[in-house]
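Since the structure comes first, as structure tokens, the remarks are kept for the end.
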Amino acid sequence: MICRPPPPVTRRQALLGSLCAAGAGALRPAPSRAAIAAAPFQEVASGIFVRRGLDEDVTATNDDAIANIGFVIGKDAVAVIDPGGSLRDGQRLRAHISSVTRTPIRYVVMTHVHPDHIFGAGAFHHDHPQFVGHRKLPQAMAARGEYYTRRLEETLGNGRAGPIVVPTRLVQSEDDIDLGGGRVLHLRAHALAHSDCDLTVLDRQTATLFAGDLLFVERVPSLDGSLRGWLTELNSLKNEAAQRAVPGHGPVSVKWPQGSLDLERYLDGLLRETRQALKKGIDIEAAVTTVGQSERARWRLFDDYQGHNVTQAFKELEWEQ
Amino acid sequence: MGTVMRRARAPRLRALWLIAAVLALFAAALPRAAGAQQESDAARAARWKALSQAIFQGRALHDGGGVVQLDAPPRALDAALVPVTLDFPGSSPVKSVYLIIDENPSPLAAHFTFGPKADARSLKMRVRVDAYTNLHAVAETRDGTLYSASTFIKASGGCSAPAGSDDAEALKDIGLMKLRLLGPFAAGKPLQAQLMIRHPNFNGMQMNQLTRFYTPARFIRTIDATYEGGTVFHLDSDISLSTDPVITFGFVPQQKGQIKIVAHDSSNVTFDHSFDVPGAGG
């Protein structure tokens with residue numbers, strides 16, 4: 001690949017330019033929208049299909065299809081694991097499932113409350129599935145649903161977000177979903193980490209872990225729970241009997257647990273540098289522009305989320321001192 | 001030393017609290033444009049005109065220029081925590097200051113009144129920002145003149161949300177306080193301090209989607225800071241302050257002594273804590 005300094009047209013182009021300059025070990029180019037549209041779902045393991053989300057934020061034209069979403073086919077039932085970022089995103093997922101299998105959709109798992117993962121749930125109402133979520137998901141939906149709907153509709157247009165679908169089956173700590181034919185999905189409700197309602201799904205049959213947003217690859221993580229908690233939960237996830245993981249954002253599948261290394265380095269650095277800033281008496285306004293900047297070239301959308309992540313880390317860690 | 005919690009015998013309603021409650025109703029009645037970021041400047045100006053009329057009863061608002069400056073990030077990095085700095089560089093002493101977040105459900109976020117022990121030259125706090133909004137700071141000088149400064153904030157993107165939480169975890173350390181002195185003590189010289197209070201400052205406007213009941217709000221209504229018995233500031237506040245409020249203020253210690261903080265919340269619980277200010281070499 002030939003790297004030339006790009007014309008400074010957009011920040012993203014400028015960012016990709018700097019990635020080129022960073023050389024080996026830097027990000028691969030993001031797959032184009034056309035490439036993702038052409039091969040929307042990939043079979044990452046037998047009977048497990050995942051659609052890669054765009055490395056973008058929601059725009060008027062992308063239907064908030066920015067998270068990795070997928071489904072697992074068993075002998076008797078299909079489980080959707082994250083229904084998508086908008087009603088339209090969910091409808092496309094449902095159409096795709098129908099094109100692959102006639103097995104009924106009996107479960108829609110929502111890995112956490114963030115809009116890019118849950119607003120497609122309304123597309124599955126007619127299937128009468130169980131809507132599965134963390135025990136804290138209903139409370140998080142109550143607290144944020146109206147705000148998320150309003151903000152999503154500001155971008156997508158009125159009525160185009162989709163309904164908030166409250167889970168009908170709550171996971172207290174662990175649970176199993178039997179899809180038939182020996183395929184049992186093992187669900188785990190996590191403590192405060194990426195968010196306050198993270199749920200992960202392990203398919204033991206293929207040793208595939210749906211990590212939800214406890215795993216970001218290539219796209220910069222977003223922290224909305226607890227930095228220390230996330231590191232703890234990530235560490236425990238590494239002990240899952242999985243050979244591969246499906247991240248909430250990034251490639252449809254990565255080797256496990258090796259695929260957690262970049263995220264761990266990022267979170268460790270955020271923890272270390274935020275603590276250092278607090279120790280030096282640096283205030284939050286300054287910390288958001290200085291902490292973790294060495295990670296810039298390694299993540300897409302870094303500038304869109306770094307200040308947010310430092311803010312979250314700062315408010316958590318300032319009580320340690 | 002030590003934090004004391006007690007339940008007050010009867011709620012004491014303050015005039016400002018009534019104003020805030022009326023404002024919240026009034027703000028809810030104002031139509032919020034679909035796609036708030038597209039709302040026109042004219043609509044924003046009309047909203048501010050109505051709000052300032054309700055709060056200041058038609059008193060003239062002068063350009064803040066040399067009296068009050070307002071600093072906030074142009075885009076909120078986190079909807080639940082937007083740092084705001086107020087500076088009062090002028091020579092005419094400021095008696096009190098109002099912070100108004102025009103598009104928030106309850107726009108009057110804070111009203112600080114400075115006392116004789118204050119160094120009323122700067123304040124910092126953290127607020128929630130629900131939408132694309134103008135932020136106004138209105139300072140009142142001792143002669144009763146009002147000065148206004150404003151800035152525009154774009155709402156945050158991504159997954160952040162202004163909501164607080166009312167769950168057990170958020171209530172665990174409620175009332176815990178920390179105070180950090182940001183410089184060395186020198187008798188008679190202004191000193192900055194950062195006050196941190198553990199409190200969910202839960203905004204309440206959240207329907208439980210299973211029970212269809214609204215969870216009641218729980219937030220800090222007032223904070224009084226005194227130094228050796230003399231007032232540093234009195235704050236009337238609201239649901240627009242972030243969870244775990246953090247306030248940076250100035251005071252003028254004449255000798256070593258104690259800062260006492262008394263916070264009162266909407267559940268009529270009072271939290272107080274005293275902090276030693278060590279004298280020179282102390």
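Taking the conditions (1) in a loop (DSSP other than H, G, I, E, B); (2) within 14 Å of chain B (Cβ to nearest Cβ) in turn, A:Gly162 satisfies each one other than (2). The set of residues in region A:101-116 that are in contact with a strand residue (DSSP E or B) (Cβ under 8 Å, 6 or more places away or on another chain) and away from every other protein chain (no Cβ under 14 Å) comprises A:Thr101, A:Thr103, A:Pro104, A:Ile105, A:Arg106, A:Tyr107, A:Val108, A:Val109.
Tell me which of these A:Gly212 doesn't satisfy, since it passes every other one: (1) surrounded by fewer than 21 Cβ atoms within 10 Å (Cβ to Cβ); (2) assigned to a strand (DSSP E or B); (3) within 14 Å of chain B (Cβ to nearest Cβ). In the conditions (1) surrounded by fewer than 21 Cβ atoms within 10 Å (Cβ to Cβ); (2) assigned to a strand (DSSP E or B); (3) within 14 Å of chain B (Cβ to nearest Cβ), A:Gly212 misses (1) alone. Restricting the first member to region B:58-80 and to residues that are under 30 Å from B:Ser91 (Cβ atoms), and the second to residues that are of a type in the set (Asp, Glu) and surrounded by 13 or more Cβ atoms within 10 Å (Cβ to Cβ), the beta-carbon pairs closer than 9 Å and six or more apart or on different chains are B:Val68/B:Asp87; B:Gln69/B:Asp87; B:Leu70/B:Asp87; B:Asp71/A:Glu285; B:Asp71/B:Asp87; B:Pro73/A:Glu285.
When B:Leu23, B:Leu18, B:Leu51 are checked against the criterion of being in a helix (DSSP H, G or I) and at pLDDT below 60, B:Leu18 stands alone in meeting it.
The residues of region B:154-172 that are more than 8 Å from chain A (Cβ to nearest Cβ) and assigned to a loop (DSSP other than H, G, I, E, B), listed by number, are B:Asp166, B:Lys172. Entry remark, region A:72-103: residues being under 18 Å from A:Val132 (Cα atoms) and over 15 Å from the mean Cα position of the chain (by Cα) number 11 in total.
When region A:117-149 is filtered for residues that are among the basic types (Lys, Arg) and facing chain B (nearest Cβ under 8 Å), the ones remaining, listed by number, are A:Lys136, A:Arg144. In region B:245-282, the qualifying residues are those that are in a loop (DSSP other than H, G, I, E, B) and among the aliphatic types (A, V, I, L, M), and the one that is modelled with the highest pLDDT is B:Val252. A:Ala242 satisfies every condition listed in (1) within 14 Å of chain B (Cβ to nearest Cβ); (2) surrounded by 15 or more Cβ atoms within 10 Å (Cβ to Cβ) except (1). Inside region A:273-321, residues that are touching a Gly at 6+ places or on another chain (Cβ under 6 Å) and not in a helix (DSSP H, G or I) make up a count of 1. Quick check on region A:43-52. Is at least one of its residues closer than 30 Å to B:Ser160 by Cβ, part of a loop (DSSP other than H, G, I, E, B) and among the basic types (Lys, Arg)? For region A:43-52, residues closer than 30 Å to B:Ser160 by Cβ, part of a loop (DSSP other than H, G, I, E, B) and among the basic types (Lys, Arg): present.
If you check B:Asp244, B:Asp276, B:Asp238, B:Asp265 for being acidic (Asp, Glu), within 14 Å of chain A (Cβ to nearest Cβ) and in contact with a Lys or Arg (Cβ under 9 Å, 6 or more places away or on another chain), only one passes: B:Asp244.
Go through the residues of region A:299-321 one by one and say whether even a single one is more than 29 Å from A:Phe49 (Cβ to Cβ), away from chain B (no Cβ under 14 Å) and not small (Gly, Ala, Ser). Checked region A:299-321: no residue is more than 29 Å from A:Phe49 (Cβ to Cβ), away from chain B (no Cβ under 14 Å) and not small (Gly, Ala, Ser).
The values are calculated or read from the model by the stated rules, or taken from the named source; none is laboratory data. A quick note: this is a predicted structure, and the numbers were derived from the prediction, not measured. Backbone-built Cβ (ideal geometry, glycine too); neighbour counts: all protein chains shown.
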